[in-house]
Structure formats: structure tokens, C-alpha cells
Amino acid sequence: MSKSGFGSYGSISAADGASGGSDQLCGRDAAPAVKTQRPKVRIQEVVPCNVNQLLSSTVFDTVFKVRGIIVSQVSIVGVIRGAEKASNHICYKIDDMTAKPIEARQWFGREKVKQVTPLAVGVYVKVFGILKCPTGTKSLEVLKIHVLEDMNEFTVHILETVNAHMMLDKARRDTTVESVPVSPSEVDDAGDNDESHRNFIRNEVLRLIHECPHQEGKSIHELQAQLCDLSVKAIKEAIDYLTVEGHIYPTVDREHFKSAD
């Protein structure tokens, strides 16, 4: 176990096809004989995530944050929805049903990529990669990808994701310098009331999902029927929040959810 409380995956080298291609050219008119090679990348500690967390992360000057937690080297588990071979890489679309699929590119040299067969569409895989946003769209640069041999790996990944983000968030809050306290008259009562209302909705949605005995989980339609005073928008906002926080996860589709507890 690592100091942060979740597993360290050791040293994962990008040498097995994730080095970015040894013959990528820096410019159109560059000499073909000049070859560049990215240095080997080693993962010291990987942050398990779901796709929704990656796509909704904030980015500033190449630094990505999920709820204030800096992430870069991550792992996800999902099903391959698409696999396209390009001149020097394979582009996979990985879907874990928490959001739209995320693109994951595995780089090769131009000659090596011709010998590589992409993994089959429809199989579940675990991807280790580095979060990137080169054109305004977040994607993964694959360091390692392998097909799941046991679907229990999917369940373990969900638990690892919840545990890792809870512990990282606690560590972040513990190291945050406390702000100077303000008097009650300086507090925005309206803002506090709004936040309290949102927390109430989230707690009610989480409670109903947690109490649901069905294997497929609780559906949004059932939540709407039980929380008839709330709008569908408010319920979906609560579900999005709880999913990003790792409290719940989708099951058979994006309309059914189960508690991660």
C-alpha cells in the first residue's frame, strides 16, 4: 500500500507501445532520417478514476483537478466501444457508463503499428494512462492496456476509485490552510440555504439508492416517483454529483444506479 492509502501499481513503462512513436516527425518538412523518441514514462502512483471524473475535471496550464485533487496518471476500467488504427497509433473509445466514452490513444512507431492488432470492440479493459487535453477535448495517452480476465477487477476498480478519492480529498482538506473566520453577519444566508437544499436532495437520492434491494439498482424514474416534489433536473444533478464523488455507480444503463457503500 502507498502512503496515500491506495495501491501503487509500481513502475509501468511506456516502452511497450506507448512511447509516442520513434519516427514521428516534428514538422512536415523534417528530414525522414531524424528520429525522435519520448523518454520512458514511469508511473509511481496511479489515481483510479471513472470516465465522468476525467471528462468533468478542470484544467489550467496542463494541470488537471478532480474536486480540487490534482490528477495526471490515472487508471480506468470500461468496455471498448471503438478501435481505429491510424498511421502511428490506435485510438480506443472506452466507456464505463458514467459519461460518454473517452478516447484513449496508444502510440506506436509507424512500422510497429502495422504489426499490431487492435483489441476487440466489446471487451472490458483496464487502461493506465496520462490525462491530456491537446485540442480542448480530454483524452488519455495510454501507457498500458489489458483485457480483464476476471470481471471482479471491475468491481475492485470501483472500490479503489471511491477509496482513493475519499483519502485524497481528506488529505487535501487536512493540508489546506484554514481561512480567517468571518462573523455571521458576513455570511451569505441565501447561499447557505441553497447549499443546504442541494445537500438534502443528494442525501435523499443516496438514501433511496442505498435502500434499493434490486440487483439493477434504482432507476431515475423510480426516484422521480418517490421524490415527487423534486424536478427531474434536480434529481439528475444530485445523481451526477454522487457519481463524480464515487458514492453511486451506474449498472445496466445510465438510468439505473447502485450505492457504492
For this session: Consider only pairs whose beta carbons are under 8 Å apart and that are at least six residues apart or on different chains; among these, list those whose first residue lies in region 247-261 and is under 21 Å from Met166 (Cβ atoms) and of a type in the set (Gly, Ala, Ser) and whose second residue is part of a strand (DSSP E or B) and open to solvent by less than 80 Å² (accessible area, probe 1.4 Å).
Result: Ser259/Ile248; Ala260/Ile248; Ala260/Tyr249
Exercise. Residues in region 126-146: is at least one part of a loop (DSSP other than H, G, I, E, B) and farther than 19 Å from Lys65 by Cα?
Worked result: no
Exercise. Would a scan of region 48-62 turn up a residue that is in a loop (DSSP other than H, G, I, E, B) and at pLDDT below 80?
Worked result: yes
For this session: Identify the single condition in (1) modelled with pLDDT under 85; (2) under 19 Å from the mean Cα position of the chain (by Cα) that Ala225 does not satisfy, given that it satisfies every other one.
Result: (2)
For this session: Determine, yes or no, whether Tyr124 is hydroxyl-bearing (Ser, Thr, Tyr), at pLDDT 95 or above, within 18 Å of His157 (Cβ to Cβ) and open to solvent by 10 Å² or more (accessible area, probe 1.4 Å).
Result: yes
For this session: Of all residues in region 102-118, count the ones that are open to solvent by 50 Å² or more (accessible area, probe 1.4 Å) and assigned to a loop (DSSP other than H, G, I, E, B).
Result: 3
Exercise. Looking at Arg173, Arg198, which one is of a type in the set (Lys, Arg), open to solvent by 80 Å² or more (accessible area, probe 1.4 Å) and at pLDDT below 80?
Worked result: Arg173
Exercise. In region 69-96, which residues are open to solvent by 30 Å² or more (accessible area, probe 1.4 Å), under 30 Å from Arg172 (Cα atoms) and either in contact with a Lys or Arg (Cβ under 6 Å, 6 or more places away or on another chain) or not in a loop (DSSP other than H, G, I, E, B) (or both)?
Worked result: Ile70, Gln73
Seminar exercise, completed: Counting only residues in region 53-68 that are open to solvent by less than 10 Å² (accessible area, probe 1.4 Å) and aliphatic (A, V, I, L, M), the one farthest from the chain's Cα centre (by Cα) is identified as Val66
Problem set entry | Selection count, region 52-86, where residues are among the aromatic types (Phe, Trp, Tyr) and in contact (Cβ under 8 Å) with a residue 60 or more places away in the chain | 1
For this session: Check whether at least one residue in region 101-113 is out of contact with any Gly (no Cβ under 9 Å at 6 or more places or on another chain) and over 23 Å from Thr161 (Cα atoms), and report yes or no.
Result: yes
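The values are calculated or read from the model by the stated rules, or taken from the named source; none is laboratory data. For clarity, every value in this text was computed on a predicted model and none was experimentally measured. We place every Cβ from the backbone using ideal geometry, glycine too, and count neighbours over all the protein chains shown. All accessible areas refer to the heavy atoms of the entire protein, side chains included, with ligands and DNA or RNA removed. Shrake-Rupley method; radii C 1.70, N 1.55, O 1.52, S 1.80 Å.
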